Amino acid sequence: MFSESISPKIISKTELDQYLSKGWFRMGQTIFTTNFLNFNNHFYSAIWLRSSLDEFNEDKKLVKFKKAIAGFTIEIRPAFLTDEKEELFDRYKTTVTFEASSSLANLLYGKENYSIYDTYEVVIFDEEKLIACGFFDIGKESAEGISSFYDPDYKKYSLGKLLIYLKMNYCKSIGLKYFYAGYFVPHYPAFDYKLEIGKNTLQYFNYKEEKWFPLPSFIESTTPLEVMYKNLKTMEQKLKIAGIEANFFYYEFYNANLVPEFNQSSELLDYPMFLYLNDLLDSSVNPIIVFDVRLGMFKIIECGTFYKVDSPLLKDQNYTTRILFIENVISISNSVGEIISFLLKLEENTL
């Protein structure tokens, strides 16, 4: 699945390591994975990152950052929430371009009032004033950086980057092997700061091969989003030549599996884009064509309606009418010609 979440009642340090190694991450008390994101009605790839702590050392940037805050106090300790941290988080949120969590309590605990994770915090004080805080979870051999935030008045100290450096430094000091920083997003610069921290240690997760590779080997044109788009646009052109009407859509509800109330139900569609075959069959939801990057195959899928949304279907934009689930895969092939031949026969049989 391209997006998935679970809500375990308990998770061991070894289990956390295993999930992180497969491109999963913590959200509240759930743990999830996704390969796609939608910011301001634009779709992007989520590329998961980690650092090899064996290769991490205090570089010139970290020395410079620590020197700049020599008069401040740094503490690393088990995490706990306070009103002071919530207020600092609220101030920080006013300065970011992405949608942050509604509160620290929601960020760490979700709908629960307890934690199944071993969470630590880095806090920085200017005398008695809290000016920065960052949370991270510790597994058996790895850690994940959950959040870093700071007082906007202290922006010149690069506290956000410093917090990540301090987390990594601490994790290496206790013998951990990997630090997972979440994802970066090509063409969406809000997360690019992660690419500058411990640069020579960074690895990215290749979804198709399910392996980690050094970041310099990353090629944007091979991400699932780019591969899907290229193949579906080629298919759209060939369908038009064959006289088969289809519309390209981005799918608004590609991440519906991340909603706990939904993901226990049917096999929800989690492709971020598809071709909608107009008037091919007499049904409320016509078949769609997707490109499965895992198999390198086109699929013709019959979908059902999991939930109908009171929203128009916007041509050449986003499909927003229904949350879809997969009823049946009626054809699969890596050949554009074979898919078109199948559709022409299907069309003949429905006339």
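The values are calculated or read from the model by the stated rules, or taken from the named source; none is laboratory data. Remember, it's a predicted structure, so these values are computed and weren't measured experimentally. Note: accessible area is taken over every heavy atom of the protein model, side chains too, but ligands, DNA and RNA are not part of it. Shrake-Rupley method; radii C 1.70, N 1.55, O 1.52, S 1.80 Å.
For this structure, a couple of remarks:
- 10 Å-binned pair-distance histogram of segment 191-307 (Cα, whole percent): 11, 33, 31, 18, 6, 1
- Rounded Å value of the spacing that divides the Cα centres of segment 12-71 and segment 123-200: 8 Å
- Every pair of different Cα atoms in segment 51-106 enters the Kirkwood calculation, which places the hydrodynamic radius at 14.6 Å.
- Per residue accessible area in Å² of segment 1-134, where ligands, DNA and RNA are left out and the probe is 1.4 Å: 52 Å²
- Stokes-Einstein D (µm²/s) once Rh is taken as the Kirkwood radius of segment 139-228 over alpha-carbon pairs, at 10 °C in 1.306 mPa s: 108 µm²/s
- Per residue, in Å², the accessible surface of segment 166-308 once ligands and nucleic acids are set aside, probe 1.4 Å: 46 Å²
- Rg(Cα) / (2.2 N^0.38 Å) computed for the chain, rounded to two decimals: 1.13
- Protein accessible area in the chain, 1.4 Å probe - carbon and sulfur %: 50 percent
- Computed extension gain for Val63 through Leu81, at 0.36 nm per residue and net of the alpha carbon distance, reaches 3.6 nm.
- Ratio Rg/Rh [Cα only; Rh per Kirkwood] for segment 45-170: 0.95
- Helical runs (DSSP H, four residues minimum) scored at -39500 (n - 2.57) apiece and divided by the length of the chain put the mean residue ellipticity at 222 nm at -7500 deg cm²/dmol.
- Here the contact order of the chain, divided by its residue count and restricted to Cα pairs under 8 Å and six or more residues apart, works out to 16 percent.
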